[in-house]
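Below is one structure; the comments refer to it alone.
The values are calculated or read from the model by the stated rules, or taken from the named source; none is laboratory data. Because the structure is predicted, anything quoted here is derived from the model rather than measured. Cβ coordinates were reconstructed from backbone atoms using ideal geometry, including for glycine residues, and neighbour counts include every protein chain displayed. Side chains included, ligands, DNA and RNA excluded: accessible areas come from the protein's heavy atoms. Shrake-Rupley method; radii C 1.70, N 1.55, O 1.52, S 1.80 Å.
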Amino acid sequence: MAYRIAVVGIGKIARDQHIPCIGKNRKFELVAGVSRHGKIDGVANFESIAALKASKLKVDCVALCTPPSVRLAMARECLDAGWHVLIEKPPTPTVGELLAMETHARKKKRVLYATWHSRYNASVDEAKKLLKGKHVDFLRVTWKEDVEKWHPGQAWIWEPGGFGVFDPGINALSIVTKILPEAIFVEGATIEVPANAATPIGADIRFKRGDGTAADLSAVFDWRQKTGETWEIEVGTRDGLRLHLKNGGSVLAVNGKTVREAVLHEYEDIYAKFARLLKAKKSDVDPSPLQLVSDCFMLGKPVVVAKV
Ligand code: NAP
């Protein structure tokens with residue numbers, strides 16, 4: 001029997017990925033949409049989670065596709081209703097909220113799946129395998145795109161909890177935290193915040209290893225690149241291995257030679273995994289990318305830049 005799922009927050013990512021991918025997966029049946037303005041054709045639509053609950057429609061699980069700032073209260077409401085919960089990235093504005101959400105899911109004996117879509121990629125898996133047991137002494141993340149292309153007309157990205165350029169940047173960090181054999185830590189950062197926004201448009205980050213040995217580890221995030229996207233991660237190890245993940249992690253070069261060009265089916269993989277988690281009654285919550293972002297704000301030097 002298929003899991004009856006409702007999608008909450010009918011915006012760009014719900015329409016681009018969640019609704020089509022649920023439609024393709026026979027383990028799920030889309031039964032409702034919950035959004036103040038957006039609607040899904042062919043299913044029941046509600047303006048709030050409370051209205052969905054009051055309708056008595058049978059629901060097994062929900063996908064929360066709203067911005068992160070409103071997710072904790074929404075997730076709690078859904079978990080209290082007895083529904084399992086999948087959430088978009090970034091999971092919550094703070095690590096504290098994510099841990100509280102995880103605790104609540106455990107208390108309610110429901111599955112919580114905090115997704116990181118950029119991790120679902122054969123080239124990323126290959127990179128992780130190649131780096132197993134290695135001593136990483138070089139990392140350069142370059143994540144640059146045009147905010148107006150990827151977040152057209154969205155105001156929440158500039159508000160507290162909206163993450164600014166860390167909204168895409170956390171995708172890179174979700175890959176980094178998956179593939180590196182050991183955790184890295186923020187050493188310092190410069191964070192560029194537009195004069196009329198609460199969140200950054202650019203960031204320059206230096207990381208360090210946990211064991212104090214010398215390493216050249218850095219990331220640059222920029223939302224002001226008008227011509228195409230640069231989504232790249234380069235990793236070097238003490239024994240001379242050089243990995244280069246390009247195109248958001250889908251293309252992998254090893255020591256200068258392309259070894260894999262993955263076909264992307266991130267959200268298809270996310271729903272396949274959600275079905276497995278539901279069957280096993282297991283949650284999947286990894287706060288490590290969010291922790292790194294949080295630490296950038298803790299240790300970073302803010303610089304005010306031109307208005308957006
Ligand atoms: P979006 O287009 O703004 O859609 C979010 C929807 O959530 C809105 O349409 C809105 O629908 C609802 N919502 C509920 N409370 C809200 C609030 N307080 N402020 C604003 N909207 C609220 O955003 P999105 O691009 O789909 O992003 C949603 C999440 O998916 C983010 O965490 C983002 O990082 C992630 N994501 C986005 C992309 C992308 O390509 N944009 C890719 C991967 C992941 P109603 O007004 O109808 O309630």
Nearest 10, in degrees from 0 to 90: the angle of helix 95-107 to the longest Cα principal axis of the chain is 40 degrees
Sorted by chain and number, the residues with a modelled amide H under 5 Å from that of residue 224, at a separation of 5 or more or across chains, are 145
Among beta bridges assigned by DSSP with both residues in the chain, the antiparallel ones amount in percent, to the nearest 5, to 50 percent
Share of Cα-Cα pairs in the chain beyond 29 Å, whole percent, is 37 percent
Placing each pseudo-label 7 Å from Cα in the direction of the beta carbon, residue 129 and residue 198 end up separated by a distance in nanometres of 4.4 nm
Measuring from its Cα centre, segment 171-230 shows a charge dipole (+1 at each Lys and Arg Cβ, -1 at each Asp and Glu Cβ) which, in debye to the nearest 20, is 100 debye
Residues whose built amide H sits under 5 Å from the amide H of residue 38, excluding neighbours closer than 5 in sequence, are 10
Heavy-atom accessible area per residue of segment 155-271, all protein chains kept, 1.4 Å probe, expressed in Å², is 42 Å²
Given Cβ charges of +1 for Lys and Arg and -1 for Asp and Glu, the option among 186, 207, 37 whose Cα lies farthest towards the positive end of the dipole of the chain is 37
Rounded to the nearest 10 degrees, the helix 122-131 long axis (Cα) sits at an angle to the longest Cα principal axis of the chain of 50 degrees
Computed for the chain: size of charge dipole around the Cα centre, +1 on C-beta of each Lys and Arg, -1 on C-beta of each Asp and Glu, debye to nearest 20, value 1140 debye
Once residue 241 and residue 24 are pulled to full extension, the length gained, defined as 0.36 nm per residue separation minus their Cα-Cα distance, is 74.2 nm
Carbon/sulfur accessible area of the chain, % of total, 1.4 Å probe, equals 52 percent
Under a Gaussian network model of the chain whose springs join Cα atoms within less than 10 Å, the largest fluctuation of 170, 201, 49 belongs to 49
Any GluC sites (Glu not before Pro) in segment 22-130 that lie in a DSSP loop and have at most 14 other Cβ atoms within 10 Å would be 47
Residue separation between residue 70 and residue 281 times 0.36 nm, minus their alpha-carbon distance, gives in nm 73.5 nm
Two pseudo-spin positions, 7 Å from Cα along C-beta at residue 140 and at residue 39, lie apart in nanometres by 5.2 nm
Using alpha carbon centers only, segment 214-288 is separated from segment 109-182 by a whole-angstrom value of 7 Å
For segment 3-114, the per residue accessible area (1.4 Å probe, Å²) is 45 Å²
Rounded to one decimal in nm, the spacing of the 7 Å Cα→Cβ label points at residue 1 and residue 190 is 5.9 nm
Nearest 10, in degrees from 0 to 90: the angle of helix 266-280 to the longest Cα principal axis of the chain is 60 degrees
Amide H proximity to residue 137 below 5 Å, modelled H, separation 5+ or other chain, gives 236, 237, 238
